[in-house]
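Report on the structure given below.
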Amino acid sequence: MLNYPNDQPTQGTVINETAKYNLLEAARWGKFLAVVGFVTMGLMIAAGLFMGAFMATISAAQGGYPLSPAFFAVSYVILAAIYFYPVYALLKFSNLTKRALQANDHNIFAQATGYLKGMLKYMGIWTIVIICIYALVIIFALTVGLASGLAQ
């Protein structure tokens, strides 16, 4: 159970051994996923650079390409950059949760949950952004489809 030396006594939530075990298990899986995420980001950057070079070679051989070869490299690097914060926050949550539960330190645990909140908020905002983009694409496609149907 976590000790709360700086807080006033309350009838708040107490972390029992089952919850502690579950949080430690979540921290282990979170650390695994964060490491996989960092490796994936590295592979995304490498793939972006490779695709940029590959597309430049193909573009030169075929006398031009509709998209700039740098577009591929930059887009992969941007995707890796977008992916950085949630992976970093997940790693911080995992490490701090493990440390807090081992030391029974509520201040460290509060920091850990702050990183978890930040990661979930970030992913939630990106989910909303992607859903809005999908909705706009669908509206645009329906509008173009209806306009082309009426033009005939």
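Results, tabulated for the structure shown:
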item	result
Mean-position separation - Cα centroids, region 56-99 and region 40-55, in angstrom	8 Å
Sites ASN107 and THR18, calculated FRET efficiency, Cβ-Cβ separation with R0 30 Å, nearest 0.05	0.85
Inter-label distance for LEU120 and TYR134, nm, one decimal - labels placed 7 Å from Cα along Cα-to-Cβ	2.1 nm
Equivalent ellipsoid, the chain (semi-axes from 5 times Cα gyration tensor eigenvalues, Å)	46, 23, 10
For the chain: relative contact order, % (alpha-carbon pairs under 8 angstrom, 6 or more apart)	25 percent
Chain lengthening between ILE78 and PHE32 when straightened (0.36 nm per residue, less Cα-Cα)	14.2 nm
Full-stretch length increase - PHE71, LEU49 - with 0.36 nm per residue and alpha-carbon distance subtracted	6.9 nm
Charge-dipole axis of the chain as Lys and Arg at +1 and Asp and Glu at -1 on Cβ define it, positive-most pick from PRO86, ILE139, GLN102	GLN102
Cα lying deepest toward the dipole's positive end in the chain, options ALA34, ALA53, MET123, charges on Cβ	ALA34
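No lab work stands behind these numbers, since they all come straight from the coordinates. If you're wondering where the values come from, they're calculated on a predicted model, not measured in any experiment. With ideal geometry, Cβ positions are generated from the backbone for all residues, glycine too; neighbour counts draw on all protein chains shown.
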